[in-house]
Amino acid sequence: PVLVVDYGAQYAQLIARRVREAQVYSEVVPHTASVAELLEHNPAAIVLSGGPASVYADGAPAVDPALFDADVPVFGICYGFQAMASALGGTVEHTGTREFGRTELNVHGAGGLLHEDLPGHHPVWMSHGDCVTKAPDGFEVTATSEGAPVAAFEDTKRRYAGVQYHPEVAHSPYGQEVLRRFLHEVAGIRPQWTTASIVDEQVARIREQIGDGHAICALSGGVDSAVAGALVQRAIGDRLTCVFVDHGLLRAGERAQVERDFVAATGVRLVTVDARERFLSALAGVTDPEEKRKIIGREFIRVFEQAARDLQAEAGEHGQHYDYLVQGTLYPDVVESGGGTGAANIKSHHNVGGLPEDLDFELVEPLRALFKDEVRRVGTELGLPETIVHRQPFPGPGLGIRIIGEVTAQRLEVLRAADAIAREELTAAGLDRDIWQCPVVLLADVRSVGVQGDGRTYGHPVVLRPVSSEDAMTADWTRLPYDVLERISTRITNEVAEVNRVVLDVTSKPPGTIEWE
Ligand code: XMP
């Protein structure tokens, strides 16, 4: 793999994704990994990421110069660029000029291999206080900017290069090309990480792991569990059984969609468990968000356990045993739990994957190495329909955390109707791909006065929460066109009797989370 060394900025995962977009497999490793540990991975190249520290600050993570004895191609970005310069004998200084945001890059001479033929002046995204003022011996300086006398350098003989700017962000329009040139041309790596190769590799691994055993997969209706299930189905065919728990907190049409679309695309054996009553009674009288989440998570596990036992009992008659449980764990979860950064638990996320260990299953996690966009491509490759592959995220606890107040059957119906209208109108306006998601939230304990027809009403408000995001860690509220908002508002207040007011949430994340609970 190409190893992306994480110096603690948010950028390492993004860089890893960009490397993969250049069809080269990459993994993120913490900067605390020693050179020996890095080399154990047999890296095709190493990318040193940006980071918040100053190279000269106390305790700033340095680059061990031994890395440069290993004959591995190295690419430095921002902080990694400076750390690399400093480790190789160049000079990094605090000049007092800072550059943040959009900056003009001036390509020097022919631009070297990385910037050759790019426009002589083009925008890049910078974020630095220190800068490299002298490149190490053997390096050609190929670009400058107003605040960075050395904004890019390369030593193609030793297969080293670096840039002060952030090539991984969309605001650096030639960044991906520069990264690609480093990987393919400087480091000489062949682009082989394609969707077809991912599918082949994963199918082979699953077959090896499961052998002639049997597996169960809990479907949530979301992309991850669907793609994980479809991959395993591709690998072991009808020795996979999928279980879909209908907890009654689903949106309109979701259960039918899973039953129809997923089965049609994969031919998988699907068992649906109707647990609506059970969840409603468990949630009766509960208003606290965390308590709701815990109850939903707990009930989900119980229902799933029972389903697994039932399946087992049935299979046992034929002498089979379900030994494997499929989970849609993604690479970012793996990085985050391995990174041990101790991120605060803002909400106890309930994932369908969060099943108990005493279930006595061996886990099959075919998406462990993949980013979300790769998961979607794999889904398409496996023939899953758009409606599944490009489904917007929907939280495991479902509408249960979008009713502010107690969850009841009647309130669920109200919210489901309002949500269906919002989704219909957003889809009709062609906005599905522009927004990350648009939760509709029912303020069930709030009432306001309205006038409808000739009568006074005393109904509930719903909140529209359209957000744009890259990864749900941060988000901005989406500036939806007024005419679309108007249609949604008019239709909801006309068609959903209990709702007489539609309001728009204009809070970014932070400070507001995407969901209200
Ligand atoms: P928040 O509200 O934390 O949401 O800003 C971030 C993203 O995560 C989704 N979400 C969940 N997904 N189980 C899930 O599978 C959960 O418990 C859960 N809670 C929030 C939310 O819809 C948004 O996309």
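The values are calculated or read from the model by the stated rules, or taken from the named source; none is laboratory data. Just so we're clear, the structure is a prediction, and the values are computed from it rather than from any experiment. Ideal geometry is used to build each Cβ from the backbone, glycine not excepted, and the neighbour counts take in all protein chains shown.
Miscellaneous remarks
- In region 91-100 there is at least one residue matching the filter, namely being over 17 Å from residue 47 (Cβ atoms) and without any contact (Cβ under 8 Å) to a residue 40 or more places away in the chain.
- Of the residues contained in region 287-294, one or more are found to be assigned by TED's automatic domain parsing to the domain that holds residue 212 and outside any helix (DSSP H, G or I).
- Condition broken by residue 474, with the remaining ones in (1) without any contact (Cβ under 8 Å) to a residue 60 or more places away in the chain; (2) more than 16 Å from the ligand (Cβ to nearest atom) satisfied: (2)
- For beta carbons closer than 7 Å, sequence separation of 6+ or different chains, a first residue in region 387-413 that is away from the ligand (no atom under 16 Å from the Cβ) and a second that is among the acidic types (Asp, Glu), the qualifying pairs are 387/261; 405/445.
- Check on residue 426, touching a Cys at 6+ places or on another chain (Cβ under 9 Å), buried (at least 23 other Cβ atoms within 10 Å of the Cβ) and farther than 22 Å from residue 292 by Cβ: yes
- Where a residue in region 185-197 is touching a residue at least 60 places away in the same chain (Cβ under 8 Å) and its partner, wherever it lies, is charged (D, E, K, R) and part of a loop (DSSP other than H, G, I, E, B), with Cβ under 6 Å and at least six apart: 186/159; 187/159
- Within region 252-260, the presence of at least one residue that is modelled with pLDDT under 95 and over 23 Å from residue 414 (Cα atoms) is confirmed.
- Here residue 484 does not qualify as away from the ligand (no atom under 16 Å from the Cβ), within 17 Å of residue 459 (Cβ to Cβ) and assigned by TED's automatic domain parsing to the domain that holds residue 461.
- Within region 159-184, tally of residues that are touching a residue at least 24 places away in the same chain (Cβ under 8 Å) and not in a helix (DSSP H, G or I): 15
- Restricting the first member to region 425-445 and to residues that are within 15 Å of the ligand (Cβ to nearest atom), and the second to residues that are assigned to a helix (DSSP H, G or I) and among the basic types (Lys, Arg), the beta-carbon pairs closer than 8 Å and six or more apart or on different chains are 438/423.
- Candidate set from region 185-200 (those that are part of a helix (DSSP H, G or I) and small (Gly, Ala, Ser)); member that is surrounded by the most Cβ atoms within 10 Å (Cβ to Cβ): 197
- Candidate set: region 230-268, residues that are of a type outside the set (A, V, I, L, M, F, W, C), out of contact with any Gly (no Cβ under 8 Å at 6 or more places or on another chain) and touching a residue at least 60 places away in the same chain (Cβ under 8 Å); chosen: the one surrounded by the fewest Cβ atoms within 10 Å (Cβ to Cβ): 253
- Any hit, region 502-510, residues being more than 12 Å from the ligand (Cβ to nearest atom) and buried (at least 18 other Cβ atoms within 10 Å of the Cβ): yes
- Checking each residue of region 193-200 against the condition of being within 15 Å of residue 22 (Cβ to Cβ) and not hydroxyl-bearing (Ser, Thr, Tyr) gives at least one match.
- If you go through region 31-44 and keep only what is within 20 Å of residue 86 (Cβ to Cβ) and crowded, with 17+ Cβ neighbours inside 10 Å, you end up with 31, 35, 38.
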